[in-house]
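Heads up: the structure comes next, in structure tokens.
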Amino acid sequence: MILLHVACALIFGYLAFNVGYIFLSAVAGRLGRADDGVLTNEVDHLRRIAVLIPAYKEDAVIVDSVKANLKQNYPADLYDLIVIADSFRAETLETLSHYPVNILRVEFEQSTVQKSISYALQTLPENVYDIVVISDADNHMAPDFLTRINKAFSEGWRAVQGHRKAKNTNRSVAVFDAMNEEVNNNIFRAGQRALGLSAMCTGSGMAFEPALLKQAMNEIKTVGGYDKELEMLLTIDHIRVGYLQDAVIYDEKVQNVDVFKSQRTRWIAAQLYFVKAYFKIGVQQLLNGNGQAFNALVRSLLLPRMILLTFLALLFLVSLPIGNEVFQLFSGSLLTLMVSTLAVSIPASLYNKLSVRDFFILPLLILSMFKSLLSFRQAGKVFLHTPHIVAAELSAEY
């Protein structure tokens, strides 16, 4: 009986920590300011920027992305788009050759994003670029994206994360995926920065000093989810990642449940790998006084929000027939706090996208998350590619 009580206390304590951590960060994100909110209008000089676009079999979207990303208001002679073309069709390469972009053809026995980025960094000429930006093959940078990145580096930042925002909300899955992105932006980027912590990297829309990124990428071993490891390596070196709310980069959201499951399986595998590889290191960093690195570990110990919300709802439902008032109050309070956290983190513009039919897909997404827990081992060994849709099918609204 004592062991049961101890086990229950540990479980409830863990759930309470999850909710408390993200609630505090969510409130901080809403009340605080992102780093571009405190930037001055002064720019010391215009830097040369390399935009790396790792792309694996992205023939369907890469041309439209290149067209969109060439519309920067940043001087054309001061930035280069570098498409790292992995397993592209010949006709796609021919089409790309007609645009002012650099094409770096690569082929790996096992393709991963980090391999493509690392290879590209090795080929970049020394002392030519002042900033390296990472963009996904489907990403469209807002016209002022590079201008805002340059301004942040003028203020002394060495690593920043831009505001990744949905470029499509044309299907129910995409709407919920867009909401998830904005919740992450508020909690783990704006909120973390408001608390004085390093913003969480999100895999694209990121900018770094070239030498800094090159050193970190050379140390990354994971198959997927390299952004978690990248951020940890930066914080170990006491490099804080800033967050630019107004530096927007549009990202395609997943279109169906199967792709959603595959993507989340990859994310869960990356999270579990990260905990296994960096738990000891994170604790050591805390003992050495590096709270930033330890916080990167703490974030990886949090449950995925959809799974956490489901657990809390089930816990509250179980408490009702039991009749224990303390149990009911505890579970009900956590559930209310969790729902409030999500509600405050989602922009009003996305609530307007919801319809009644969208909620019918929600149980399938929750089930997919739990299925991902059962199949994560596959993603730990083989990179699970997320397919993208041609622009005409997206009904983009931005």
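The table that follows gives values for the structure above.
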| quantity | calculated |
| --- | --- |
| Among (1) crowded, with 17+ Cβ neighbours inside 10 Å; (2) within 16 Å of residue 67 (Cβ to Cβ); (3) small (Gly, Ala, Ser), the one test that residue 97 misses | (1) |
| Qualifying positions in region 229-282 - of a type in the set (Ser, Thr, Tyr), farther than 18 Å from residue 198 by Cβ and in a strand (DSSP E or B) | 250 |
| Within region 325-347, considering residues that are β-branched (Val, Ile, Thr) and part of a helix (DSSP H, G or I), the one nearest to residue 166 (Cα to Cα) | 344 |
| Any hit, region 29-49, residues being touching a strand residue (DSSP E or B) at 6+ places or on another chain (Cβ under 6 Å) and within 22 Å of residue 120 (Cα to Cα) | yes |
| Among (1) closer than 18 Å to residue 138 by Cβ; (2) out of contact with any helix residue (DSSP H, G or I) (no Cβ under 6 Å at 6 or more places or on another chain); (3) charged (D, E, K, R) - the single one residue 64 does not satisfy | (2) |
| Residue match in region 311-324 (condition: within 24 Å of the chain's Cα centre (by Cα), surrounded by 12 or more Cβ atoms within 10 Å (Cβ to Cβ) and at pLDDT 90 or above) | yes |
| Number of positions in region 52-84 that are of a type in the set (A, V, I, L, M, F, W, C) and assigned to a loop (DSSP other than H, G, I, E, B) | 3 |
| Complete set of residues in region 290-301 that are within 14 Å of residue 237 (Cβ to Cβ) and surrounded by fewer than 20 Cβ atoms within 10 Å (Cβ to Cβ) | 290 |
| Single residue of 15, 10 found to be surrounded by 16 or more Cβ atoms within 10 Å (Cβ to Cβ), at pLDDT 85 or above and in a helix (DSSP H, G or I) | 15 |
| In region 58-77, residue farthest from residue 159 (Cα to Cα) [restricted to those that are among the charged types (D, E, K, R) and surrounded by fewer than 14 Cβ atoms within 10 Å (Cβ to Cβ)] | 67 |
| Failed condition for residue 212, given (1) within 27 Å of residue 37 (Cβ to Cβ); (2) outside any helix (DSSP H, G or I); (3) touching a residue at least 24 places away in the same chain (Cβ under 8 Å); (4) out of contact with any strand residue (DSSP E or B) (no Cβ under 6 Å at 6 or more places or on another chain) | (2) |
| Filter result for the condition that a residue is at pLDDT 95 or above and among the polar types (S, T, N, Q), over 127, 102 | 102 |
| Test: residue in region 247-258 that is in contact with a His (Cβ under 8 Å, 6 or more places away or on another chain), surrounded by 19 or more Cβ atoms within 10 Å (Cβ to Cβ) and over 24 Å from residue 191 (Cβ atoms) | yes |
| Test: residue in region 335-343 that is more than 24 Å from residue 30 (Cβ to Cβ) and not basic (Lys, Arg) | no |
| Selected residue [modelled with pLDDT under 90 and buried (at least 21 other Cβ atoms within 10 Å of the Cβ)] from 55, 34 | 34 |
| Conditions (1) without any contact (Cβ under 8 Å) to a residue 12 or more places away in the chain; (2) surrounded by 17 or more Cβ atoms within 10 Å (Cβ to Cβ): number failed by residue 276 | (2) |
| Filter pass, residue 80 being closer than 30 Å to residue 158 by Cα, surrounded by fewer than 20 Cβ atoms within 10 Å (Cβ to Cβ) and either modelled with pLDDT of 95 or more or of a type in the set (Asp, Glu) (or both) | yes |
| All positions within region 39-63 that are farther than 18 Å from residue 160 by Cβ and either small (Gly, Ala, Ser) or more than 22 Å from the chain's Cα centre (by Cα) (or both) | 55, 59, 60, 63 |
| All positions within region 248-272 that are in contact with a Phe, Trp or Tyr (Cβ under 9 Å, 6 or more places away or on another chain) and hydroxyl-bearing (Ser, Thr, Tyr) | 250, 265 |
| Test: residue in region 23-39 that is among the acidic types (Asp, Glu), outside any helix (DSSP H, G or I), within 20 Å of residue 133 (Cα to Cα) and touching a residue at least 60 places away in the same chain (Cβ under 8 Å) | no |
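The values are calculated or read from the model by the stated rules, or taken from the named source; none is laboratory data. Computed from a predicted model, the values in this text were never measured in an experiment. Here the Cβ is made from the backbone with ideal geometry for all residues, glycine too, and neighbour counts use every protein chain on show.
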